[in-house]
1. For the stretch 33-109, calculate the relative contact order in percent as a whole number, restricting contacts to Cα pairs under 8 Å that are 6 or more residues apart.
2. Can you list the residues of the stretch 83-107 with backbone N under 14 Å from a point 7 Å past the Cα of Cys57, pointing along Cα to Cβ?
Amino acid sequence: MKKILLLGAVIFGLSSCYYDNEEDLYPMDPSDCETENLTYDDQIAVLINLNCANRGCHYTNVQPPSLTNYDEVIANLDRIQVRALQERTMPPSGPLSTCDHNKLTQWIADGAPEN
């Protein structure tokens with residue numbers, strides 16, 4: 001009886017360790033990712049706020065560097081490029097989506113305009 005319970009617990013435990021990647025399940029059409037005429041105020045601020053400058057991470061007085069406004073993002077752009085785009089170690093919840101990665105890369109390539 002103990003063996004059956006143990007086997008059931010193992011099977012249940014293994015089946016609950018399942019991870020779906022949203023991009024794998026619902027692949028995005030590359031044409032849906034707008035990467036032209038991006039500005040910090042219109043597109044990048046939202047991307048940074050959702051992925052980096054939320055209250056648990058790079059927010060004022062939480063985890064340096066603070067990335068809550070354009071000047072702070074520009075001051076840390078080299079670090080953002082390395083950690084988020086090259087090494088893909090940020091955000092800690094997992095790499096940026098392909099679209100967000102492409103947007104951030106293109107915005108930087110375009111000179112990181114504010115508005």
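1. Computed value for the stretch 33-109: 32 percent relative contact order.
2. Correct set: 83-98, 100-101, 104.
Laboratory data are not the source of any read-out in this text; all were calculated from the coordinates shown. Note that this is a predicted model, so its numbers are computed, not measured. Counting neighbours? That spans all protein chains shown, and the Cβs are built from the backbone with ideal geometry, glycine included.
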